[in-house]
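Trainee: The following block contains the structure, expressed as structure tokens.
The values are calculated or read from the model by the stated rules, or taken from the named source; none is laboratory data. On a predicted model such as this, the values are computed, not experimentally measured, just so you know. All Cβ positions, even for glycine, are placed from backbone atoms using ideal geometry, and neighbour counts span all protein chains on display.
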């Protein structure tokens, strides 16, 4: 049997894993990367540390997928987090586990993840072509891939793993979506996800800029409909809200197409309103002659002490012995339910991932092969799948890339 030639478009996480899997399955592999080096986006993931997967059980993994979790069953079970960890360890990239099952390189350097992938590609003698920009793809008996500058590549199978549109400076500019559309695929409009919120209360957030809140809960609503509810950490910024809890909420916000929405922040989720009121009473009794602003200092973190009095419409210098029962109830209510008006999300420049992409109904989940173009395989962020922060999105890239590469090497291309 003749050796198949598999071309892989994109040298990111999914693309490199697809190229490796295809070569391991016996194919001749040509990896086409538009940048001057592979893995450019991986370098900035996890703030440069690269949270490359999550150790949660496979069954739990799918609860962290926001869009089309069932589509990923074959890919995840076929190449799960344990196999990903084994792969990187075998290439000399030692790993460690942190809270929440997050897996990082022991070195805390994302570059070590790239080195491991490049090392394996070198071992397999892959034909890696950098600065190769794809401008056209045509399919007859084989694929004809046109590059900027006029060169054409011929391949029996093609894996498109060109990413989405987030962090476009890394090369994820969405151009391959146009080629996929030309090949007949429908594309769900890509939108920024795992991205901070803009809020109407911009001045308040700017005043509290840099303040990180731990162990708070939020509820996000569009009208009366609850879109998301979660517990964790968030951050005030000069334009609005960010942090892990907010980034996760943004994915559900985008999926719901929410437009204007309201976010309700519970600063004291461990206490009921009654328990919080009792605590407030004790604080007031012990500090009768102090200003309200000083007493609130024991209940509120950092810069929030300065902006909170404006929310309750009570002067910060008002003595607590003159606070009415109604005013106290208002304080409790705001501590348990501080409202922010979401006006939208930040853009692709600040988005960790892209939500949207190739309609998964047009892709065979058992192989990642296009149902429209035989021999075409699609992997990674180009697909309409996305997940929470915590290593889940990179696991999707590794798993779908591995399945696509392996399938592209062994399938006939006409199945």
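Trainee: For segment 339-346, does any single residue satisfy the condition of being part of a helix (DSSP H, G or I), over 18 Å from the mean Cα position of the chain (by Cα), surrounded by 19 or more Cβ atoms within 10 Å (Cβ to Cβ) and not assigned by TED's automatic domain parsing to the domain that holds residue 49?
Mentor: From segment 339-346, those part of a helix (DSSP H, G or I) are none; that's our starting set.
There is no residue in segment 339-346 that is part of a helix (DSSP H, G or I), over 18 Å from the mean Cα position of the chain (by Cα), surrounded by 19 or more Cβ atoms within 10 Å (Cβ to Cβ) and not assigned by TED's automatic domain parsing to the domain that holds residue 49.
Trainee: Then there is this: Which residue out of 228, 167 is out of contact with any strand residue (DSSP E or B) (no Cβ under 8 Å at 6 or more places or on another chain) and surrounded by 18 or more Cβ atoms within 10 Å (Cβ to Cβ)?
Mentor: 167
Trainee: Please work out if residue 59 is modelled with pLDDT under 95 and more than 20 Å from residue 244 (Cα to Cα). Full working, then the answer.
Mentor: Numbers: modelled with pLDDT under 95: yes; more than 20 Å from residue 244 (Cα to Cα): yes.
So residue 59 fits the description; yes.
Trainee: Could I ask something else about it? From the residues in segment 124-152 that are surrounded by 12 or more Cβ atoms within 10 Å (Cβ to Cβ) and outside any strand (DSSP E or B), which one is farthest from the chain's Cα centre (by Cα)?
Mentor: Start the filter on segment 124-152 by keeping residues that are surrounded by 12 or more Cβ atoms within 10 Å (Cβ to Cβ), which leaves 124, 126-139, 142-148.
Add one more test, that the residue is outside any strand (DSSP E or B), and what stays is 124, 126, 130-133, 142, 148.
On the way: 124: 30, 126: 29, 130: 26, 131: 26, 132: 27, 133: 25, 142: 35, 148: 30 Å.
By that ranking, first place goes to 142.
Trainee: List the pairs whose first member sits in segment 217-239 and is on the phi > 0 side of the Ramachandran plot and touching a residue at least 12 places away in the same chain (Cβ under 8 Å), whose second member is outside any strand (DSSP E or B) and surrounded by 17 or more Cβ atoms within 10 Å (Cβ to Cβ), and whose Cβ atoms are under 7 Å apart, counting only residues at least 6 apart or on separate chains?
Mentor: These pairs meet every condition: 232/244; 232/245.
Trainee: While we're here: Residue 334 - would you say it is free of Cβ contacts under 8 Å to residues at least 40 places away in the same chain, closer than 30 Å to residue 64 by Cβ and assigned to a helix (DSSP H, G or I)?
Mentor: Values: free of Cβ contacts under 8 Å to residues at least 40 places away in the same chain: yes; closer than 30 Å to residue 64 by Cβ: no; assigned to a helix (DSSP H, G or I): yes.
So residue 334 fails the test.
Trainee: Sticking with this one: Go over the candidates 235, 296 one by one and state the one that is crowded, with 19+ Cβ neighbours inside 10 Å and either out of contact with any strand residue (DSSP E or B) (no Cβ under 6 Å at 6 or more places or on another chain) or over 30 Å from residue 351 (Cβ atoms) (or both). Steps first, answer last, please.
Mentor: Numbers: 235 fails: either out of contact with any strand residue (DSSP E or B) (no Cβ under 6 Å at 6 or more places or on another chain) or over 30 Å from residue 351 (Cβ atoms) (or both).
Sole residue among the options that is crowded, with 19+ Cβ neighbours inside 10 Å and either out of contact with any strand residue (DSSP E or B) (no Cβ under 6 Å at 6 or more places or on another chain) or over 30 Å from residue 351 (Cβ atoms) (or both): 296.
Trainee: Please find, within segment 253-264, the residue that is modelled with the lowest pLDDT out of those that are surrounded by fewer than 21 Cβ atoms within 10 Å (Cβ to Cβ) and at negative phi.
Mentor: Pass one, segment 253-264, residues surrounded by fewer than 21 Cβ atoms within 10 Å (Cβ to Cβ): 255-257, 259-260, 262, 264.
With the extra rule that they be at negative phi, the set shrinks to 255-256, 260, 262, 264.
On the way: 255: 94, 256: 94, 260: 88, 262: 97, 264: 98.
Of everything passing the filter in segment 253-264, 260 is modelled with the lowest pLDDT.
Trainee: From 288, 361, 325, 318, which residue is surrounded by fewer than 16 Cβ atoms within 10 Å (Cβ to Cβ), under 30 Å from residue 186 (Cβ atoms) and without any contact (Cβ under 8 Å) to a residue 60 or more places away in the chain?
Mentor: Numbers: 288 fails: under 30 Å from residue 186 (Cβ atoms); 325 fails: under 30 Å from residue 186 (Cβ atoms); 318 fails: under 30 Å from residue 186 (Cβ atoms).
Only one candidate qualifies: 361.
Trainee: Another question, then. Enumerate the strands (runs of 3 or more DSSP E) found wholly within segment 187-248, keeping only those where 3 or more residues are in the same structural domain as residue 265 (by TED's automatic domain parsing), farther than 18 Å from residue 390 by Cα and over 19 Å from the mean Cα position of the chain (by Cα). Please lay out each step first, then the result.
Mentor: Working: elements: 187-193, 197-199, 212-222, 225-236, 240-242.
Those strands (runs of 3 or more DSSP E) span 212-222, 225-236.
Trainee: Can you report the number of residues in segment 82-110 which are surrounded by 19 or more Cβ atoms within 10 Å (Cβ to Cβ) and in contact with a helix residue (DSSP H, G or I) (Cβ under 7 Å, 6 or more places away or on another chain)?
Mentor: Residues that pass the stated criteria total 8.
Trainee: Looking at (1) in a helix (DSSP H, G or I); (2) surrounded by fewer than 16 Cβ atoms within 10 Å (Cβ to Cβ); (3) touching a helix residue (DSSP H, G or I) at 6+ places or on another chain (Cβ under 7 Å), which is the one condition that is false for residue 277?
Mentor: (2)
Trainee: Can we say residue 370 is closer than 20 Å to residue 157 by Cα, touching a residue at least 24 places away in the same chain (Cβ under 8 Å) and in contact with a strand residue (DSSP E or B) (Cβ under 8 Å, 6 or more places away or on another chain)? Let's see the steps before the verdict.
Mentor: On the way: closer than 20 Å to residue 157 by Cα: yes; touching a residue at least 24 places away in the same chain (Cβ under 8 Å): yes; in contact with a strand residue (DSSP E or B) (Cβ under 8 Å, 6 or more places away or on another chain): yes.
So residue 370 passes the test.
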